[in-house]
1. Scan (1) on the phi < 0 side of the Ramachandran plot; (2) surrounded by fewer than 16 Cβ atoms within 10 Å (Cβ to Cβ); (3) in the same structural domain as residue 179 (by TED's automatic domain parsing); (4) at pLDDT below 90 for the single condition residue 217 breaks and write down its number.
2. Filter the range 95-107 down to residues that are touching a residue at least 24 places away in the same chain (Cβ under 8 Å) and either part of a strand (DSSP E or B) or surrounded by fewer than 20 Cβ atoms within 10 Å (Cβ to Cβ) (or both), then give me how many there are.
3. Hey, could you check the range 108-130 for residues that are exposed (fewer than 14 other Cβ atoms within 10 Å of the Cβ) and in contact (Cβ under 8 Å) with a residue 60 or more places away in the chain and say which is farthest from residue 13 (Cα to Cα)?
4. Could you please let me know if residue 133 is touching a helix residue (DSSP H, G or I) at 6+ places or on another chain (Cβ under 7 Å) and buried (at least 21 other Cβ atoms within 10 Å of the Cβ)?
5. Filter the range 67-82 for residues that are within 20 Å of residue 109 (Cα to Cα), surrounded by fewer than 16 Cβ atoms within 10 Å (Cβ to Cβ) and either in contact with a strand residue (DSSP E or B) (Cβ under 6 Å, 6 or more places away or on another chain) or touching a residue at least 12 places away in the same chain (Cβ under 8 Å) (or both) and give the result.
6. Are there any pairs, at least 6 apart or on different chains, whose C-beta atoms fall under 8 Å, with the first in the range 177-190 and assigned by TED's automatic domain parsing to the domain that holds residue 205 and without any contact (Cβ under 8 Å) to a residue 12 or more places away in the chain and the second surrounded by 13 or more Cβ atoms within 10 Å (Cβ to Cβ) and in a loop (DSSP other than H, G, I, E, B), and if so, which?
7. Kindly list the number of the only condition in (1) under 20 Å from residue 227 (Cβ atoms); (2) out of contact with any strand residue (DSSP E or B) (no Cβ under 9 Å at 6 or more places or on another chain) that fails for residue 109.
8. Tell me which of these residue 249 doesn't satisfy, since it passes every other one: (1) more than 19 Å from residue 301 (Cβ to Cβ); (2) touching a helix residue (DSSP H, G or I) at 6+ places or on another chain (Cβ under 7 Å).
């Protein structure tokens with residue numbers, strides 16, 4: 001009745017967000033899930049603070065729920081990345097515990113980026129617990145108690161569905177839409193008139209609910225992308241494999257991002273520009289690739305730069321990472337990647 005779900009949360013120097021996300025997860029009404037926190041080489045107190053929370057030594061305050069001490073302490077089993085990659089081995093210690101009384105913590109020795117950080121969690125989950133579904137969930141989210149059951153309901157309704165995404169609201173404006181199923185509704189107040197499910201072309205990586213059988217067939221996220229665009233690439237691959245992407249209005253989460261947007265950091269601009277080119281090369285045939293590049297440089301890139309200049313997201317040193325991202329995107333297309341500061345190697 002309740003397919004098994006592995007929930008993977010990537011943490012990088014963000015323990016405050018992570019423990020709020022965890023507390024909301026431990027209060028959902030779906031009974032069959034494992035939570036896996038992958039710490040991506042954090043340099044702050046993340047590991048210690050997550051453990052304090054699990055011991056019941058740190059209460060979480062949130063406007064979305066009341067903290068509960070009933071499921072504390074939460075039993076943790078810890079793995080290094082190497083231990084996790086071979087499937088762990090301590091699962092018997094938590095096997096008989098309910099879902100809200102256990103946590104798997106994988107400690108990466110460095111930051112592997114969004115793609116490979118999540119891949120490490122997925123490889124572990126698939127080997128250690130054989131789940132029916134994997135959910136990649138941003139640590140800066142809070143979930144509704146019904147959200148996971150609704151995702152499962154949609155996914156189970158059709159064998160051709162490969163990925164399902166929830167309705168996502170802004171954390172600071174809990175009824176304003178951040179990721180609905182159509183771009184026309186982005187940023188608007190939800191009027192409550194639409195609570196259907198429908199097929200879509202993209203599910204955002206903030207909450208990515210994937211059938212394990214799809215992962216077996218399509219593979220994992222592309223680690224070359226490192227950050228940004230991973231979900232776009234994966235959705236294209238899943239569709240090419242013959243699966244459908246769906247959106248559920250009945251599954252709800254809240255995401256910590258502002259309507260105005262935060263000041264973009266240079267590395268964010270770099271990967272955004274770099275991966276825009278890589279995604280086109282990976283997924284478009286030659287004619288469409290070159291025509292899309294023409295549009296990218298003629299329209300998309302100038303508009304992107306103009307938006308940065310006009311908005312509060314403008315960073316005065318943004319031009320350098322933008323140009324470097326474009327250069328490295330083209331080098332990737334030629335099989336050349338950066339292997340250190342000012343050092344490049346040819347892979348193919």
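The values are calculated or read from the model by the stated rules, or taken from the named source; none is laboratory data. Just so it is clear, the structure is predicted and the values come from calculations on it, not from any experiment. For neighbour counting, all protein chains shown are included, and Cβ atoms are generated from backbone atoms with ideal geometry for every residue, glycine included.
1. Among (1) on the phi < 0 side of the Ramachandran plot; (2) surrounded by fewer than 16 Cβ atoms within 10 Å (Cβ to Cβ); (3) in the same structural domain as residue 179 (by TED's automatic domain parsing); (4) at pLDDT below 90, residue 217 violates only (4).
2. Total satisfying the criteria: 8.
3. My answer is 130.
4. yes
5. Across the range 67-82, the qualifying residue is only 80.
6. Going by the 8 Å Cβ cut-off, the qualifying pairs are 186/180.
7. (2)
8. Unmet condition: (2).
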